[in-house]
Amino acid sequence: MSDNQFNEIIQNGYNSKGITSPIGVAVFDNVPVEGLVVSMPLKMLNRHGLIAGATGTGKTKTLQVIAEQLSRNGIPSILMDLKGDLGGLAVAGQKNDTVENRRKLFNGSYDYAYQGFPVNILSIGEDEGVSIKASIQEFGPVLLSKILGLNNVQSGIISIAFKYCEDKQLSLNTIADLKYFLTKICDDNKDIKDNYGNVSGASITTILRNIAELEQQGGNFLIGSPGLDVNDLIMNDDNNNGVLSIIRLTQLQDKPALFSTFIIYLLSKLYSTLPEVGDLAKPKLVLFIDEAHLLFNDTNKIIQDKIESVIKLIRSKGVGIIFCTQTPADISVNVLGQLGLKIQHALRAFTAKDRKSVKMMAQNFPETSFYNVEEDLTSLGIGEAFITLLREDGTPSPLVKTLLAPPVSRMGILEDKELTKTINSSPLKSKYGTKNTVVTKPSKELEDFYKKLNQIKEKEKIAELQEKERQKQKIKQATAPTRVTMPRRQSYNNMMFGAMMPMTNMFSNMMGGGNTGMNNAPQNIQYYYSKDGQQYGPVSEFQISNSILSGEINSFTYLWKTGMAEWMLSTNFQEFQNLLK
Ligand SMILES: Nc1ncnc2c1ncn2[C@@H]1O[C@H](COP(=O)(O)OP(=O)(O)OP(=O)(O)O)[C@@H](O)[C@H]1O
Ligand SMILES: [Mg+2]
């Protein structure tokens, strides 16, 4: 094939009617062709992409270049930073010969100034950054059970907890809330048993133990309040540049389960928050997942299925996802088949197994008569890659070896001072804070709910006792026919009556009844109460309880009982305090 044919095919293949962004220069016969620019149609970014390659071949810098282009085009992105080397996006890069020579090859179409981009540095761990969390509620029962490593029965209890809280309009935000709630279920919660299902104490104990383990591992930094509002990650600055939300996750490198949980949480949250938009001229948001092999390391089938389905569905919300990992074999086959953009940096083939997988990978690219892909895959230079992408008409572009553009922001980390400055100037700092303090107390809402529930239970217990007593009296009446008179109204003229009452009482007892409530009942402590200038009695403790429940007696009612020197407000009587609350 001639140079001209190559130029024509690449030019046609990477020309697009919609908005495009230059990302590199085509290479023919191992030489970059000046001015033959490889551009990405932004419309197709919601078909997701993959940047793959051996270590040190330029994946992260390619990711950086794409994120810069998106920001310029007003598209915000979220970047998972597991190595801490994406912070450089916040400050201008340094001019040097290597970089300048690459830029010149674009013949004027990549003359962007060296600059920093609007960046929010966020963190879900102890890394420095605006601290973002997810509330327990937002995780949902499936993910939460997964983080806690629960079996089916135990997950069922978590589902009950979620359903119960939803029905009672209670929110579970922190681990402290969840622990409190679970210990309360243990306290013989009849409502839960009757309406939601049996909850065994042994299972609760296991769940609580697993929570303690999670807390020990530091996993609870993921969980708390305020939960993240994903709209805070979809912002543009005053110049309409897309804001780059860099989420520092350096501590999650050795915790793949937490990493995948966080990503699924974020994807699900984006999916449920964003409206359906179909295919836009450019995506609303792009999510970069560096070290994506961690996401697919997880052998849990539910998690894998969830990742695959959310990735498929989120496209119509205008969200694109770009994975970055060492080999395409790191990504699940179902996800791989959905990807529109493929950028393959150099692969290493040290072993027979490596060579076999390089061969297979070469066969998965569109056919080309310009390159020996299998051979070239192992000899690509740093910052060089094979590219193929979906064109706007849905057809794949011709495979092209590309020398990638250099970033115009810094290719490296931020110094401590720069990092602190970037974090301090984040508009999200005041909302989420920068310290990952773990809440140890349950919410007041939850505590109040249980206080009320306890009062209701107390009342129910008393009503039960009353019923028992009523039954007892009925039996007595049936077996021993006696005169039973209900407490009769007596007037009293002054408060001296209280002092006189014991005598009246004594007299009436001696006379074998009189105005006594139930003269055959054992002579327990008797009560009198005053209402509307009248006094009533003597009555039993049970009758007072009854009158409190019916509203006849309240906390402003004066009472007197056997042995007291004077009348007192009902609230001073220990035995009725619970009923009066
Ligand atoms: N497009 C580029 N322009 C200029 N230099 C580049 C480019 N890409 C890569 N480099 C050089 O290669 C180095 C390594 O690149 P990078 O950090 O992107 O590799 P990586 O594939 O992400 O490595 P790892 O697997 O270790 O994360 C960079 O520090 C930079 O010096
Ligand atoms: Mg990297």
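Key figures for this structure:
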{"quantity": "Set of aspartates and glutamates near K435 by C-alpha distance (under 17 Å), chain-local residues within fewer than 8 positions excluded", "calculated": "E126, D127, E128, E215, D416"}
{"quantity": "Selection from L465, G563, M360, by position along the positive dipole direction of the chain (Cβ)", "calculated": "G563"}
{"quantity": "Estimated D of the chain in µm² per second, where Rh is the Kirkwood radius over Cα pairs and Stokes-Einstein applies at 4 °C, 1.567 mPa s", "calculated": "44 µm²/s"}
{"quantity": "Label-point separation, E392 to N12 (7 Å along Cα→Cβ), nm", "calculated": "1.8 nm"}
{"quantity": "Amide H contacts of T378 (H built 1.01 Å from N, under 5 Å, at least 5 apart or other chain)", "calculated": "L347"}
{"quantity": "Helix 301-313 axis, angle to the chain major axis (alpha carbon atoms, nearest 10°)", "calculated": "70 degrees"}
{"quantity": "Cβ-placed point charges (K, R +1; D, E -1), dipole of the chain about Cα centre in debye, nearest 20", "calculated": "1900 debye"}
{"quantity": "Other-chain or far-sequence residues with amide H under 5 Å of S426's (modelled H)", "calculated": "none"}
{"quantity": "Pairs from K17/K317; K61/K431; K282/K359 whose Cα-Cα separation, in the structure shown, is over 26 Å", "calculated": "K61/K431; K282/K359"}
{"quantity": "Cα centroid separation - segment 347-402 against segment 38-80, whole Å", "calculated": "18 Å"}
{"quantity": "With eigenvalues of the C-alpha gyration tensor scaled by 5 and rooted, segment 136-220, Å", "calculated": "19, 14, 12"}
{"quantity": "Sequence of V400, V65, V31, V153 once ranked by neighbouring C-beta atoms within 10 Å, starting from the fewest", "calculated": "V31, V153, V65, V400"}
{"quantity": "Phi to ³J(HN,Hα) by Karplus 6.51 cos²θ - 1.76 cosθ + 1.60 over segment 348-358, Hz, x for Gly, Pro", "calculated": "9, 10, 7, 10, 4, 5, 4, 4, 5, 6, 5"}
{"quantity": "On Cα atoms only, tilt of 59-72 relative to the major axis of the chain in degrees", "calculated": "80 degrees"}
{"quantity": "Taking Y14, Y271 and counting other C-beta atoms within 10 Å, the order from fewest to most", "calculated": "Y271, Y14"}
{"quantity": "Anchor K581: aspartates and glutamates whose Cα lies under 19 Å away (excluding residues fewer than 8 positions away in-chain)", "calculated": "E445, E447, D448, E458, E460, E464, E541, E552"}
{"quantity": "Distance (nanometres) between label positions extended 7 Å along Cα→Cβ at E575 and E445", "calculated": "4.1 nm"}
{"quantity": "Spin-label pair F350/E367, simplified geometry with 7 Å Cα→Cβ offset, distance in nm", "calculated": "3.6 nm"}
{"quantity": "Distance between segment 114-146 and segment 182-237 - C-alpha centres, whole angstrom", "calculated": "18 Å"}
{"quantity": "Over the chain: helical MRE at 222 nm, DSSP H runs n ≥ 4 each giving -39500 (n - 2.57), nearest 500", "calculated": "-12000 deg cm²/dmol"}
{"quantity": "For I160, I247, order by how many other beta-carbon atoms lie within 10 Å, fewest first", "calculated": "I160, I247"}
{"quantity": "Residue-wise HN-Hα coupling along segment 279-295, computed from phi with Karplus coefficients 6.51, -1.76, 1.60 (Hz; x: Gly, Pro)", "calculated": "8, 9, 5, 8, x, 7, 7, 10, 10, 9, 10, 6, 6, 5, 4, 4, 6"}
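No lab work stands behind these numbers, since they all come straight from the coordinates. Since the model is a prediction, treat every value here as computed from it, not as a measurement. Glycine also receives a Cβ, built like all others from the backbone with ideal geometry; neighbour counts cover every protein chain displayed.
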